[in-house]
Amino acid sequence: MMSSKYIQEEFSDIIDDIFDKKTGRRSFLKGMAGLAAAGSSLTLAGCSNNSPFSEENILRLKEYFKGNFTLMSQEDKNATIKRLERLAKIKDGLDLKISSKGPIPNVLFGFALNVSRCEGFMDCVQACVDENNIDRKTKTQCIRVFEIEHGEMNVQSGNGKYFHEVPVDNHFYMGVQCFQCENAPCIKACPTKATWREDDGIVVVDYNWCIGCRYCQAACPYWGRRFNWNDPYIPAEELTRKQHYLGNRIRPKGTMEKCTFCIQRTRTGRLPACVEICPTGSRVFGNLLDPKSEIRFVLENKKVFRMKEDLGTDPKFWYFVD
Amino acid sequence: MKTVSEFYKMAMVVMQVVFLFYGCQQGSHDNDVNSRIKNAKTVMESQPETGETTMVLSNTVIAQVKHKDVPFRVETRKDVMERFKCSECHIGKKVHVTKADKVAHGNIKKLHGNKERPLACNTCHMKDERDFLVTEKGVKIDFNHSYQLCGHCHFREKADWVGGAHGKRVSFWAGERVVQNCTECHDPHSPKLTKRWPKTYSLPLSE
C-alpha cells in the first residue's frame, strides 16, 4: 500500500504540472475537487488497476492535461514520450521507442509513382499496414490501388477492390494515398488545429488533440484520411516498436489517421515502407530541394501529372509514365 | 472648386491601384511546391546526413556511370550468383561430364529477346573468358556491372535507372546513393515479371 504522504506529494506534483505553479497544502486541497471530476472520466475509460492513485492513473491524468504538440517545448515532448512509453509498458508490457524527431533542414519530401510500371501487386498496401500499426480488425488501409482500363483517366472508373491475378492485360494500376498537399484543405477544415503541415512538407495529426469530428475527411478531395472506429488491434508480434509521436504510434479510438510518408523512417533517412517493398520499383521518394535527387530527375525528365491539379491543393505526389 | 465628379475620378484611381496590388499578390504563388523547388537557394552537394544512415557498403561497388557528376553505388552480383566462378568448370575446353549442362544449367528458362530470334547464351556470356559478360561489340563486362550490358539494348531504361526513374534505391533516401542492379528484379534469362496474386485486398469504399 502507498502511504498517504506519498500520494500527497505525487498529486502536488501533478497539480504543479497542470497549473504550472507551486501549490501549498491549502491549494492542493482545492485542486483535489477538480481532480475528482477528471478522475471520474478516467475510471470510465477503464483502468486495469482499481486504485485511483496507481502509477497508470497518475500517468493518464498527466497525459490528459498535456498541450498541443506544436506548443510543446522539447522537455514537454520528452516528458510525454516517457509517459507514453511507460504506459505501454504497464498496460501491455511493450517496450516502445517513440521519437519526436523534428524536420531535417532544407528537406522537402516528394513522391512519384510510375503508373506504367505499377503492376498492382499491393505489396505496398500490406507493408504500410505492418509498418504503421494500423488496426487489423477493420482492415483499414492508407493506400488504395485502383485497377483502371487503358484509355480511362478517371480514378472513379477504376476498380479499388480487385482480387485476382495481376497485372490484367489492357489495365493499369494507380495507387492513391495522402498526397501531403502544400495547400491542404484538411488543415483548413480542422476546428482544433490538431493537423498541420511540418516544415518538410508532411501533413501530420496530433492524435491527442484530435476530437474525431472528421471534418478533414470530408474536406480531403483524395480520400486520404482514415478514422479509427476502434481501439486498434495489432498482434504483439506484428507491432512496430520504433514509433514517432506524429507517425505510427498506436492511435486512440475516435481519432483521424493518415499516411505520413512514414515519418518515423523518413526523418532518419530511410525510405517509406511502401517504397522499400515495391517489387516493381514504381515508387520514387526523395528530397525535392536537392537538384541531384531522384525525385527531381523524375520531375525534370518524365511526363508527370498530379491528381485533380485544378483544385489548387498543390500535392507533393506526382504520377509519371515511362 | 473641386466637383463631385473629380472626387469620384480620384476615388476610382485609388481603387484601381488597390485592386492592381491585390491582383499581383494573388498572382504570385510564392508558397507552391514548384516555386519552392525553383527558389531553393542552398545547393546540396549530397543528400543530408541524418545520423542514422549507416549503410552496409560491403556488398556494393561504385558504379561506372554517374548521375549529374555524382557517383553512386550498385549492389554486387558475383557474391549472390549461384555458380560463380564459371571458370571452376569452364576452363577453355569442353566439359566432359555426362549431362553436365542439365545438372548445372537445367533450371534456366531462356525467354529473352524476340520470339523468332531469341538470344543465345553467347550473346551475353563471353565465350573465351566465362567469368565475364560481353557486348555485341566485344567489350568485356564484369558481372558486378551487368547494367552496362543490359543498357546496350535497353538504353532508355538505363538512362532512367542512372537518374532514378527506373529501378530501386536501397533502404535510404539520404546519404550515399545505393541502387539495385537490374538483375535484382529481372531474371536475366527471362526478364519479364511474372503474373501473381496480390499480397492483400481492399474492402469496398463505405464512406
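Just so it is clear, none of the values below were taken in a lab; they were calculated from the coordinates. It should be emphasised that the depicted structure is a prediction, and the values quoted were computed from it without experimental measurement. Using ideal geometry, Cβ is built from the backbone for each residue, glycine included, and neighbour counts are taken over all protein chains shown.
Observations, loosely collected:
- Modelled spin labels at residue A:229 and residue A:13, positioned 7 Å past Cα toward Cβ, are 4.1 nm from each other.
- Under 5 Å, built H, 5+ apart or other chain: amide partners of residue A:98: A:243
- Potential extension, residue B:84-residue B:205 segment - 0.36 nm per residue separation minus Cα distance: 38.5 nm
- Here the Debye sum runs over all C-alpha atoms of region A:196-322 as equal scatterers in vacuum, and log10 of I(q)/I(0) at q = 0.21 Å⁻¹ comes out as -1.43.
- Summarising the amide proton neighbourhood of residue B:190: residues at separation of 5 or more, or on other chains, whose placed amide H is nearer than 5 Å comprise B:111.
- Couplings 3J(HN,Hα) of region B:75-85, computed from phi: 5, 6, 10, 4, 6, 9, 5, 5, 10, 7, 7 Hz, in residue order, whole Hz [Karplus 6.51 cos²θ - 1.76 cosθ + 1.60, θ = phi - 60°; x for Gly and Pro].
- Burial ranking of peptide ranges A:122-132, A:93-103 (average Cβ count within 10 Å, highest at the top): A:122-132, A:93-103
- Peptide A:159-167 shows a mean partner chain C-beta count of 4 within 10 Å per residue C-beta.
- If the convex hull is drawn through the Cα atoms of region A:103-322, its volume per residue in Å³: 124 Å³
- Residue A:311 versus residue B:193: modelled label distance in nm, points set 7 Å from Cα along the beta carbon direction: 2.7 nm
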